[in-house]
Amino acid sequence: MKFFKYIFVFTAISFMVSCGGGEEKKEEKKSVKIGLTKTPKKESSNTINIGLTGNDLMQFDKKEIRVKVGQEVTLTLRHTGKMEILVMGHNFVLLKKGVEIPAFSIEAAAAGATKDYIPNDGKDVIVHTKTIGGGQSTSITFTAPPAGTYDFMCSFPGHSGTMQGKFIVEELTE
């Protein structure tokens, strides 16, 4: 019986040794391209891309956004939460100067979902996105208004208390 045990161990060791160590070397191929190299595309100083997120805790990730007068602004709003639009919808609304957030919020709630929570056909709004739900995103492109500080907010009912910030438009400097 001991004899078979030794043969089994010897066979197992021989098998492991014969299977290992035969690693194949992989040859790395390097490719060389002849011709022009691509230079990174420089973004025009007259355009700016802004990302803004809203979550299920009724918070924007930014309380302040800065742009230059006349810049072409592309703002992308992403809803990082999971709740549906009917429960936790978010939008971005840039208000005209002098518009009070609490008064606008009351009118927005009365306007309802069919009007994307934008009252009075948008007379108090510079620009706004559509309302989105969890996992969705939307973008708008617009020209920055004259220099000054503007309010931005989410006009979904009950959100404006925590989802608001300042949109600061600065003069161009050379």
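Read-outs: derived from the displayed coordinates by stated rules, not from any lab. Worth saying up front: this structure is predicted, and the values here are computed from it rather than measured. Ideal geometry is used to build each Cβ from the backbone, glycine not excepted, and the neighbour counts take in all protein chains shown.
See the values below:
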{"read-out": "Vicinal HN-Hα couplings computed from phi for segment 100-106 (Karplus, 6.51 cos²θ - 1.76 cosθ + 1.60; Hz; Gly/Pro x)", "value": "7, 4, x, 5, 4, 4, 5"}
{"read-out": "Additional length obtainable on full extension of the chain from K166 to E72, 0.36 nm per residue less Cα span", "value": "32.1 nm"}
{"read-out": "Cα-projected label distance for E100 with L86, points at 7 Å along beta-carbon direction, nm", "value": "3.4 nm"}
{"read-out": "Student exercise, segment 47-170 dipole from Lys, Arg, Asp, Glu Cβ charges, in Debye to nearest 20", "value": "200 debye"}
{"read-out": "Under 5 Å, built H, 5+ apart or other chain: amide partners of I126", "value": "L94, L95, K96"}
